[in-house]
Each structure stands twice: as structure tokens, then as C-alpha cells.
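Novice: One structure follows; several queries about it will come next.
The numbers here are math on the coordinates, done by the rules we state, and not lab data. None of the values given here were measured: they were computed from a predicted structure. FYI the Cβ positions are ideal-geometry reconstructions off the backbone, even for glycines, and counts take in every protein chain you see.
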Amino acid sequence: MVGKNCFAIASDRRLGVQLQTIATDFQRIFKIHDKLFLGLSGLGSDAQTLHQRLVFRHKLYQLREERDMKPETFASLVSAMLYEKRFGPYFVQPVIAGLGEDDKPFICTMDSIGAKELAKDFVVAGTASESLYGACESMFKPDMDHEELFETISQALVSSIDRDCLSGWGGHVYIVTPTEVTERILKGRMD
Amino acid sequence: MSRRYDSRTTIFSPEGRLYQVEYAMEAIGNAGSAIGILSKDGVVLVGEKKVTSKLLQTSTSTEKMYKIDDHIACAVAGIMSDANILINTARVQAQRYTFSYQEPMPVEQLVQSLCDTKQGYTQFGGLRPFGVSFLFAGWDKNYGFQLYMSDPSGNYGGWKAAAIGANNQAAQSMLKQDYKDNISREEAVQLALKVLSKTMDSTSLTCDKLELAEVFLSSSGKVKYEVCTPDALSKLLVKYGVTQPPAEA
């Protein structure tokens, strides 16, 4: 979700196989660099592998270009990597959030074969995505500061995942401003 | 000198030498020198910049020092275009290891892997060897800080202090005399600058003719590779009394 010169990215913490819960502290949001975060929903194994491949590509980019990747460029990279597997795709839906040139917030999501969806306000992904669309649409206001943004994204996340049987066990929220990154854990219906 | 045996890289001479490899080392002997010193809390790399025209506008910030991964850096001496290829290879090898094992590549393994690549060019393919020598500086959790030197033949060795490039023998013998085990990083910087100033050909020693980089552990325990800024470098040169003003004897 985009705020005023900041952004927030949040996920639930459940890792499950249909009805069985495997882990209640699963990390779904990964830091690529200080101003770029990637959330990967979907198949856990594909999320981890895709993240590792992206770290590989980003580190080489950093060494050669001597700077961090811009969020827009990173989104194009993810999209290209997903389309490479067009006929045997990764079962993930990425959510990319970062601060680009002049610390302007950038967010986007894509489907599992790399179709980018850019948005100015919020992007959602996962099993509770329809519920999240509704919650975000009603709760979102433009130009929120980071405190208000945290409240908004937390409420939207918790209310949606509590109603979804495959998501849950609390939430993990990152608020990123040009100067700092705050990480918070939320408590929801612990089921 | 048996000239008839030196046109192919992949054959020995009657005396059991590989001439192409030796000629490659000759090429490096004319290049800008680099010195590496291992200290108990870090590794210091100093390099002499050969190209110092004001008109030069480089795309990268350094000419002699390159970062291979977060925990490994290297200094080069020799043909820069060959060096660029090998540095890229080293970077990809380090990332490939991290992708497979999800941990940083041990320094010696990276050096060995790169040297295996270099050795390949002395045994098959009919291509000439790379005309570069490297000084690798890095840290891993198995052996702490390490310094390795490698040459075009693909040989490598771990060193406490090493020199490559022009006047490397003079530099090496000076290092042998003055190096003490357990020196601190600061003393290593001082020693490196002193030795380089004595072996460099140029008449004036200013911060734009040198590059200094260090690999050390930051206060949070993470490995850091830092290149010294030109201002800080000038201050160090004055502090250690090795600066010589330009256009004055």
C-alpha cells in the first residue's frame, strides 16, 4: 500500500497444505535492498526458490552497476523470469514494493506468468485476495503518513485473513520510509 | 631460448617450461603494482594506478580493486580486459555457490575455482592464457581473514603479504623484512603505503595515483569491503610521511 513518501507491505504467517498447518511463522516478504521489498504468495517452495534466484541476479547487478536496482527495473526482471517458465510456471504471485527515484513509492503485482499490474494505491495477492481488494478499497486514503498507513494496512490484512481458512496465524508488516524500515508482527485469529 | 616451442600454449618446451605462461607473467611485470597485507583484524590491498590522465572518465569507481562478493575483494595486475572477464567469472561463481548452498562461498574455494578456469587455458583450447595476476582478500567463518595470490598459470598460494605487478620482487623482499605476525590493520596500511611508495617509479606520490581498499569486520560483525576516499588517502599519505609533493624533488 502506498503512503506519502513511504510504503507498507504485509503478509500473513501461515504455511499450510490444504487443511494442515505446517508453520505459523513463515516468511513471505523478502528484502532485496533497503528500499525494495518482495512478497511472494502461493507455493512455498517456488517462493523460496524464486527469491534465491532473484538474490543471485540482484547481487550480480549490484556488483556490475555499483548501485541498487530500481523497483521498476526489478519488477521487469521478475516478470521476465516468470515468463521464461511460461509452460511450466512458478506457482507464485509476487508483490513488489519499493522507493524509486526521489524516494517515490512504487508498487506492483503480477500473475504467475509475469503479467505486471501497476497501481498507484494498493496491490494484493494470495488466497484472500478478493477479500483484500474489498478491504483495501474501502479503507485506503491517498497520502497517509507512515503511522496511519500502518494502521490501515494492518486492519485491511487482519480482517481479510481472519475470514479466510487458508490464511492466518497473524500478520507481518513492514513500513518503509526513506530513512528507516520498521517491522511489526500482528496478532489475529491464531488459526 | 627455444622460440620454436613457444607458439602453442599447450605444449611443453624441452626444458619442461610453458613459454606462453611465462610470457604472460612478463606482461604483468610491466603493469601497475599491487600489494596485499594480511593483518589480524583485516586485509589491506593497495594498488598503483597507471592511467592518471585528467581526461579519463571511468565508468567504475576503481581501476585496480574489485568486489567479487560481499566478503571477497581482489586487486588486479596485468591486462585489464582479461581481468574484466575473470572478475565477472568469479562473481558469477560466487553467486552460484550462494544459490546452491545458501551461504557465502569460502575464499579458498573461490580462488581455486577461478584458478581452475585459468589452468584450462594452459592445457586445452589453443587459446592464450589470461595475462592477469590477482590478489584475493576475503573473510569466511572457517579461516577468518585470508590473502591469496594467483598467476596466469593457475597456481595460487595463501600469503601473509604479497606483491604483484611491476617491481614485485623488490616489494616482496621489503615486505619480508618488515612484516610482523599479528600486525594491526592500521600498521598494515602504513606498511603497504611505505613499500608501494618505495617501489613505484613515479616521482610524486599523490592520492590520485593510488588506490587503497580494506576488508574487515564492522562493529556489527558483518564483513565490509571499503575503498578509501581520495581525501582520506591524502591524509594517510601525509600522516605516514610517504607523500612527495609533485614537481618538487
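Novice: Could you tally the net charge around A:A128, taking each other residue with its Cβ under 15 Å from the Cβ of A:A128, Lys/Arg +1 and Asp/Glu -1?
Specialist: With Lys, Arg at +1 and Asp, Glu at -1, the net is -1.
Novice: Right, next: What full-extension length gain, to one decimal in nm, is calculated for B:Q109 and B:I11 as 0.36 nm per residue of separation minus the Cα-Cα distance?
Specialist: Extending this stretch completely gives an extra 32.5 nm.
Novice: Let me ask another. Run the simple label-point estimate for A:V17 and B:Q102 please: 7 Å along Cα→C-beta, distance reported in nm.
Specialist: 1.7
Novice: Report the trypsin sites (Lys or Arg not before Pro) located in region B:123-178 that are in a DSSP loop and have at most 13 other Cβ atoms inside 10 Å of their Cβ, or state none.
Specialist: Those satisfying the criteria are B:K141.
Novice: Which of the chymotrypsin sites (Phe, Trp or Tyr not before Pro) found in region B:68-172 are in a DSSP loop and have at most 14 neighbouring Cβ atoms, other than their own, within 10 Å?
Specialist: In loop regions of region B:68-172 (DSSP not H, G, I, E or B), the sparsely surrounded chymotrypsin sites (Phe, Trp or Tyr not before Pro) are B:F124, B:Y143.
Novice: Please list, by residue number, every one of the trypsin sites (Lys or Arg not before Pro) in region A:1-82 that is coil in DSSP and has at most 10 other beta-carbon atoms within 10 Å.
Specialist: Taking region A:1-82 and a limit of 10 other Cβ atoms within 10 Å, the loop trypsin sites (Lys or Arg not before Pro) found are A:R67.
Novice: Work out, step by step, the length gained on full extension between A:K31 and A:A115: first 0.36 nm times the residue separation, then minus their alpha carbon distance; give nm to one decimal.
Specialist: Separation in residues times 0.36 nm, less the Cα-Cα distance, equals 28.1 nm.
Novice: Using label points projected 7 Å from each Cα along Cα→Cβ, tell me how many nm separate A:D191 and B:S202, to one decimal.
Specialist: 7.4
Novice: From the square roots a ≥ b ≥ c of the eigenvalues of the alpha-carbon gyration tensor of region B:56-178, which class results: rounded (a/c under 1.5), prolate (a/b over b/c), or oblate?
Specialist: Rounded shape, in that the Cα axes give a/c under 1.5.
Novice: Given H placed 1.01 Å from N in the peptide plane, which residues other than close sequence neighbours of B:L147 have an amide H under 5 Å from its amide H?
Specialist: B:W159
Novice: Shifting gears a bit: Rounded to whole Å, give me the distance from the Cα center of region B:117-159 to that of region A:1-54.
Specialist: Between the Cα centres of region B:117-159 and region A:1-54 lies a distance of 39 Å.
Novice: If we count other beta carbons within 10 Å of each Cβ, what is the order of A:R163, B:R91, fewest first?
Specialist: Final ranking by Cβ density, sparse to dense: A:R163, B:R91.
Novice: Another question, then. Mind listing the phi-derived Karplus ³J(HN,Hα) values for region A:89-100, rounded to whole Hz, using 6.51, -1.76 and 1.60 with θ = phi - 60°, and x for any glycine or proline?
Specialist: x, 6, 8, 9, 10, x, 10, 10, 9, x, 9, x
Novice: Averaging sequence separations of C-alpha pairs under 8 Å and six or more residues apart, then dividing by the length of chain B, give the relative contact order as a whole percent.
Specialist: Relative contact order of chain B: 26 percent.
Novice: With the cut-off at 1.5 for a/c, could you classify region B:133-202 from its C-alpha gyration tensor as rounded, prolate or oblate?
Specialist: oblate
Novice: Using only DSSP helix segments of four residues or longer, with each worth -39500 (n - 2.57), what per-residue ellipticity at 222 nm results for chain A after dividing by its residue count and rounding to 500?
Specialist: Rounded to the nearest 500, the figure is -11000 deg cm²/dmol.
Novice: Measure off 7 Å from each Cα along the Cα-to-Cβ vector at A:E72 and B:V92, then give the distance between these two points in nanometres to one decimal.
Specialist: 2.9
Novice: Amide H to amide H under 5 Å from B:L210: which residues, 5+ apart in sequence or cross-chain, H placed 1.01 Å off N in plane?
Specialist: B:K49
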